[in-house]
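A.B. asks: Just dropping this structure here.
Laboratory data are not the source of any read-out in this text; all were calculated from the coordinates shown. In this text the structure is predicted, and so the values were computed from the model without any measurement. Virtual Cβ from ideal backbone geometry, glycine too; neighbours counted across all protein chains shown.
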Amino acid sequence: MRYFRLIENLPGRDPLGFGMGPGRWNVNGTPVIYASSVSALNFLELLSIKGPIVTESSWKLVSLEVLGPIPELEVDDLPISWKNRPYPRTTQELGSIWAKRELSPCLKIPSCRIPLANFYQEHNLLINPLHPEFKQKIKVTDTWDVSFEVNR
């Protein structure tokens, strides 16, 4: 299945690179790569998290091919506060447990930016870069220079 992620266009930046910082679905120290099933959802996510400062950087849109079946987080398993801002510890712990237990290389999760009813068609993806099957299951297929600015 095809997925997308946005990365800042920096010299030497690996399209599958990752950091150790926290996010909605991981605690500090548990690396997780975030991607989306629709390229536009990446832009919506980043703009809603970081705000207009994103226009000051240049970006790359990375196309990924994820091989094999991808499990999904069941809607009934979502913590009640999963959409809260700032993100709750409950979602961070849920994603971190998934990553640390190496349950799968990827996990479909809903975006709190769009209606939950769209979860199965449009969703985010957690990718565990420390999973033993990471390099076999996730492949970069293309990259494009992109921008949040209309006139670039």
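A.B. asks: Could you give me D for the stretch 89-136, from Stokes-Einstein at 37 °C and 0.692 mPa s, where the hydrodynamic radius is the Kirkwood radius over C-alpha pairs? Units µm² s⁻¹, please.
C.D. replies: My calculation gives 282 µm²/s for D.
A.B. asks: Please build a GNM for the chain, connecting alpha carbons under 10 Å apart, and tell me which residue among PRO69, PRO22, PRO11 fluctuates the most.
C.D. replies: Checking each option, the largest mean-square fluctuation is seen for PRO11.
A.B. asks: Based on alpha-carbon centroids, what's the gap between the stretch 116-149 and the stretch 88-103 in Å, whole number please?
C.D. replies: So the separation of the two Cα centres works out to 17 Å.
A.B. asks: If you wrap a convex hull around the alpha carbons of the stretch 50-125, what volume per residue comes out, as a whole number of Å³?
C.D. replies: That works out to 137 Å³ per residue.
A.B. asks: Placing unit charges on C-beta atoms (Lys and Arg positive, Asp and Glu negative, everything else neutral), compute the dipole magnitude of the chain about its Cα centre in debye, rounded to 20.
C.D. replies: Charge dipole, the chain, about its Cα centre: 180 debye, nearest 20.
A.B. asks: Under a Cβ-Cβ cut-off of 12 Å, what is the net charge of the residues other than LYS83 that fall near it, where Lys and Arg count +1 and Asp and Glu count -1?
C.D. replies: +3
A.B. asks: Per residue, how big is the convex hull of the stretch 1-88 when only Cα atoms are used? Give it in Å³.
C.D. replies: 123 Å³
A.B. asks: Which shape class applies to the stretch 1-48: rounded if a/c is under 1.5, otherwise prolate when a/b exceeds b/c and oblate if not, where a ≥ b ≥ c are the square roots of the Cα gyration tensor eigenvalues?
C.D. replies: oblate
A.B. asks: If you don't mind, there's one more thing I want to ask. Are there GluC sites (Glu not before Pro) in the stretch 58-152 that DSSP puts in a loop and that have at most 15 other Cβ atoms within 10 Å, and which ones?
C.D. replies: GLU74, GLU102, GLU133, GLU149
A.B. asks: What fraction, in whole percent, of alpha-carbon pairs in the chain exceed 26 Å separation?
C.D. replies: For the chain, the share of Cα pairs beyond 26 Å comes to 21 percent.
A.B. asks: Now for a different question. Mind checking which lysines have their Cα closer than 26 Å to the Cα of LYS135? Skip sequence neighbours fewer than 8 apart in that chain.
C.D. replies: Those lysines meeting the cut-off are LYS60, LYS100, LYS108.
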